[in-house]
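Every number in this text was worked out from the coordinates using simple rules, so none of it is lab data. Quick caveat, the model's predicted, so the values are computed rather than measured. For neighbour counting, all protein chains shown are included, and Cβ atoms are generated from backbone atoms with ideal geometry for every residue, glycine included.
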Amino acid sequence: MTDTWSTIDRLTDWIAAHHTLPPEQDVLLRVLKLSEEVGEVAEAVIGATGQNPRKGASHTWQDVESELCDVIITAMVALRTLTPDAPDVFAGHLRRVAKRSLEDRM
């Protein structure tokens with residue numbers, strides 16, 4: 001997972017180098033970017049199931065996978081923007097969720 005977070009750090013730095021807003025606004029926009037990405041997942045699911053009569057089957061399930069990955073990356077960048085300890089924050093939260101959710105199943 002270290003390589004993943006190293007890549008997220010590089011992406012976060014790259015995005016920061018291209019933004020001109022004050023840091024507090026930049027953080028808000030990175031969090032809001034998640035809504036945009038989740039909307040793209042919804043669009044891909046609707047397209048993969050052909051539920052838009054005007055567009056028909058406009059996406060594949062591979063498109064859905066790709067959009068879900070974009071959501072994960074965007075969330076990781078947003079978390080990294082909020083804290084330099086993002087890997088530890090995420091790992092700790094994942095442990096708590098797993099314990100709470102899987103405790104009875106272990």
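Overview of values
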quantity: Estimated FRET transfer efficiency (Val38, Glu103; beta-carbon r; R0 25 Å; 0.05); calculated: 0.30
quantity: Neighbour-count order for Leu82, Leu21, fewest beta carbons within 10 angstrom listed first; calculated: Leu21, Leu82
quantity: Rule-of-thumb Rg ratio for the chain [Cα; 2.2 N^0.38 Å; N residues]; calculated: 1.31
quantity: Stretchable slack from Ile46 to Leu28, in nm (0.36 nm times residue separation minus alpha-carbon distance); calculated: 3.7 nm
quantity: Ranked Ile15, Ile72, criterion: other C-beta atoms within 10 Å, fewest first; calculated: Ile72, Ile15
